[in-house]
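The values are calculated or read from the model by the stated rules, or taken from the named source; none is laboratory data. Predicted, not measured: the structure shown is a model, and the values here were computed from it. Quick reminder, even Gly has a Cβ in these numbers, built from the backbone with ideal geometry, and neighbours come from all protein chains shown. Keep in mind that these areas ignore ligands, DNA and RNA; they rest on the heavy atoms of the full protein, side chains included. Shrake-Rupley method; radii C 1.70, N 1.55, O 1.52, S 1.80 Å.
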Amino acid sequence: MTQAKKYFVVAIDKFLSGWGTSEGKETVFVMECDTLEEANIVRDNAKNRTDMTKVRVLTSKPYQYYNNGSYYVQYMTKKDIPNWFRSGFFKQ
């Protein structure tokens, strides 16, 4: 049986980068989405926040790029952050 295709919204969190568990690193949010529609909603919500930069949608989990020690990566799902999946949730 083939696994359903996933989408990943990736963004750098400027607010959490550089301190706490991210000391000396950039914090990267990777938000897993079940559909392209969900990914577009999450992407738009991230873009509506001033603390999120370099927001993009990927079709594969970004393992290698963020595995060099310069990043603190947080993987999130709809269960972890349900409001991010509500259209316009962070719109001003």
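Before moving on, here are some points about what is shown:
- Residue, farthest from K91 (Cα to Cα), within region 45-79, restricted to residues that are open to solvent by 60 Å² or more (accessible area, probe 1.4 Å) and in a strand (DSSP E or B): Y72
- Test result for T21, assigned to a loop (DSSP other than H, G, I, E, B), β-branched (V, I, T) and either in contact with a strand residue (DSSP E or B) (Cβ under 7 Å, 6 or more places away or on another chain) or open to solvent by 40 Å² or more (accessible area, probe 1.4 Å) (or both): no
- Exclusive hit being open to solvent by less than 40 Å² (accessible area, probe 1.4 Å) and assigned to a strand (DSSP E or B), set V28, V42: V28
- Looking only at region 80-92, and only at residues there that are part of a helix (DSSP H, G or I) and open to solvent by 50 Å² or more (accessible area, probe 1.4 Å), the one that is farthest from A46 (Cα to Cα): P82
- E26 meets all of the listed conditions (1) acidic (D, E); (2) modelled with pLDDT of 95 or more; (3) more than 17 Å from Y7 (Cβ to Cβ) but one, namely (2).
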